[in-house]
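**Q** After the structure tokens below, expect a handful of questions from me.
The values are calculated or read from the model by the stated rules, or taken from the named source; none is laboratory data. Keep in mind that what you see is a predicted model, and the values were worked out from it rather than measured. Quick reminder, even Gly has a Cβ in these numbers, built from the backbone with ideal geometry, and neighbours come from all protein chains shown.
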Amino acid sequence: MHSKLLQDYIEKLQVISKCKKKSILDLACGGGRNGLYLIENKIPTVFADAKPSALEQVRQSLLVEPYLSNKALADLWLVDFEKNILANDNIDNQPLRNKLFAAIIVFRYLHRPLFEQIKQAIVPGGMVIYETFTVDQAQFGRPKNPDFLLNHGELTQIFSDWKILHSFEGIVENSNNGEKQAIAQIVAIKSE
């Protein structure tokens, strides 16, 4: 099931993608549940992940409806966003360099060195939708590693120079299993 947050902003994403004539990047897409929702809504989407098995799962999903009729809108990108990214002197270590997207969506993934690249890869007037776990998640289960958990207020601080349409930080119930999760969300527009 796709994210409710994505559903809430699907019309805005459709307009931005059409106006900017750019795809939306589903960064660290995993099995592609959120990007597939974009495809279902006729939005060009790049599914990016480091795992070939994840992209194969997306490819298989694109072979059935409701995605099949829009499958031409999908691109698959095998990329390791974490490989040597700290060595910024090498272009190969900056996977988003010279790429532009109408929007970037990120769910349940955190690699802090990517934040500046994400901000640069979104066209002016484009959008970011980001949702992942906060430090409070450790009390409920995985992940527990602080490298994969946002600090309080971190997303808002990172995108403080953008127009923030939505910001949330707190405890929610997972709709799949009813377990509690500590998450942060942001939806923001880059200045024109």
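**Q** In segment 79-115, which residues are aliphatic (A, V, I, L, M), in contact with a helix residue (DSSP H, G or I) (Cβ under 8 Å, 6 or more places away or on another chain) and at pLDDT below 95?
**A** Residues of segment 79-115 aliphatic (A, V, I, L, M): 79, 85-87, 91, 96, 100, 102-106, 110, 114.
Checking which are in contact with a helix residue (DSSP H, G or I) (Cβ under 8 Å, 6 or more places away or on another chain) leaves us with 85-87, 96, 100, 102-106, 110.
Within segment 79-115, ILE85, LEU86, ALA87, LEU96, LEU110 qualify.
**Q** Could you give me the residue pairs with C-beta distances under 7 Å whose first residue belongs to segment 1-22 and is under 15 Å from TYR130 (Cβ atoms), whose second residue is at pLDDT 95 or above and assigned to a loop (DSSP other than H, G, I, E, B) wherever it lies, and which are 6+ apart or on separate chains?
**A** From segment 1-22, the pairs are LEU13/ILE43.
**Q** Select, from PRO143, PRO124, the only residue that is under 24 Å from PHE81 (Cβ atoms), in a strand (DSSP E or B), over 15 Å from the mean Cα position of the chain (by Cα) and not small (Gly, Ala, Ser). Step through it out loud before you land on a result.
**A** Details: PRO143 fails: in a strand (DSSP E or B).
Checking each option against the conditions leaves just PRO124.
**Q** Only one of ILE171, ILE186 is assigned to a strand (DSSP E or B) and within 30 Å of VAL15 (Cβ to Cβ). Can you tell me which?
**A** Values: ILE171 fails: within 30 Å of VAL15 (Cβ to Cβ).
Checking each option against the conditions leaves just ILE186.
**Q** Of all residues in segment 116-150 being at pLDDT 95 or above, closer than 15 Å to GLN185 by Cα and hydrophobic (A, V, I, L, M, F, W, C), which is surrounded by the fewest Cβ atoms within 10 Å (Cβ to Cβ)?
**A** Here the answer is ILE129.
**Q** I'd like to know if segment 151-172 contains one or more residues that are among the hydroxyl-bearing types (Ser, Thr, Tyr), within 26 Å of MET1 (Cβ to Cβ) and surrounded by 14 or more Cβ atoms within 10 Å (Cβ to Cβ). Before you say what the answer is, go through the steps one by one.
**A** Here is the first cut: in segment 151-172, the ones among the hydroxyl-bearing types (Ser, Thr, Tyr) are 156, 160, 167.
From what is left, the residues that are within 26 Å of MET1 (Cβ to Cβ) are 167.
The next check asks that each one be surrounded by 14 or more Cβ atoms within 10 Å (Cβ to Cβ); those that pass are 167.
Yes.
**Q** Does any residue of segment 2-17 turn out to be aliphatic (A, V, I, L, M), surrounded by fewer than 19 Cβ atoms within 10 Å (Cβ to Cβ) and in a helix (DSSP H, G or I)? Explain how you work it out, then say what you get.
**A** Initially, segment 2-17 is screened for residues aliphatic (A, V, I, L, M), giving 5-6, 10, 13, 15-16.
With surrounded by fewer than 19 Cβ atoms within 10 Å (Cβ to Cβ) added as a condition, the list becomes 10, 15.
With in a helix (DSSP H, G or I) added as a condition, the list becomes 10, 15.
Taking every residue of segment 2-17 in turn, at least one turns out to be aliphatic (A, V, I, L, M), surrounded by fewer than 19 Cβ atoms within 10 Å (Cβ to Cβ) and in a helix (DSSP H, G or I).
**Q** State which residue pairs qualify: first residue surrounded by 22 or more Cβ atoms within 10 Å (Cβ to Cβ) and inside segment 32-45, second residue among the charged types (D, E, K, R) in any location, beta carbons under 8 Å apart, and separation of 6 or more residues or different chains.
**A** What qualifies is GLY32/ASP26; ASN34/ASP26; GLY35/ASP26; LEU38/ASP26; ILE39/LYS71; THR45/ASP26; THR45/ASP75.
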